[in-house]
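Comments concern the structure below.
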Amino acid sequence: MSPTQETPQDLPTEVAQSDRVLKAFKLVSIVNPQGFHMRPKAAFAESAGRFQSEVTILWEGRMTNGKSMWDLMLVAALPGNEIRIDALGPDAEEAVTALAKLIETDTGDTI
């Protein structure tokens, strides 16, 4: 073994025995009649920030940070458009499920 290679035994205990890193994604359709506009973007970024996982949105070939309201400004998805929500981290499945539900149930009826 070369000096630059490390085995799990060589790594600090907290790294070698850390939580699993999971990856999850889901395609969701925009149902809000106004599309994915400021209010749902703000709610999405706020909700995404509650998870440990990295959250990204893929729309029309562009990947954006789902925790950044500024990055979400680039997502101009209209009603009926599909976006893909991706998460990478220990709570990836929970993040994708919750964030997809947020998009799928946003019909624009609430203020």
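The values are calculated or read from the model by the stated rules, or taken from the named source; none is laboratory data. Only a predicted model underlies this, so the values are computations on that prediction, with no experimental measurement involved. Please note: Cβ atoms are built from the backbone with ideal geometry, for glycine as well, and neighbour counts cover all protein chains shown.
For this structure, a couple of remarks:
- Of the residues making up region 24-56, those that are aliphatic (A, V, I, L, M) and without any contact (Cβ under 8 Å) to a residue 60 or more places away in the chain are Leu27, Met38, Ala42, Ala45, Ala48, Val55.
- Residue that is nearest to Ile83 (Cα to Cα), among those in region 16-32 that are exposed (fewer than 13 other Cβ atoms within 10 Å of the Cβ) and of a type outside the set (S, T, N, Q): Leu27
- Here region 41-58 is the region considered, the condition is being under 14 Å from Ile85 (Cα atoms) and in a helix (DSSP H, G or I), and the residue that is nearest to the chain's Cα centre (by Cα) is Ala48.
- For region 57-88, a residue qualifies if it is closer than 17 Å to Ala24 by Cα, in contact (Cβ under 8 Å) with a residue 12 or more places away in the chain and surrounded by 18 or more Cβ atoms within 10 Å (Cβ to Cβ), and the qualifying residues are Ile57, Trp59, Gly66, Lys67, Ile83, Ile85, Asp86, Ala87.
- Scan region 91-111 for residues that are modelled with pLDDT of 95 or more and assigned to a loop (DSSP other than H, G, I, E, B) and the total you get is 1.
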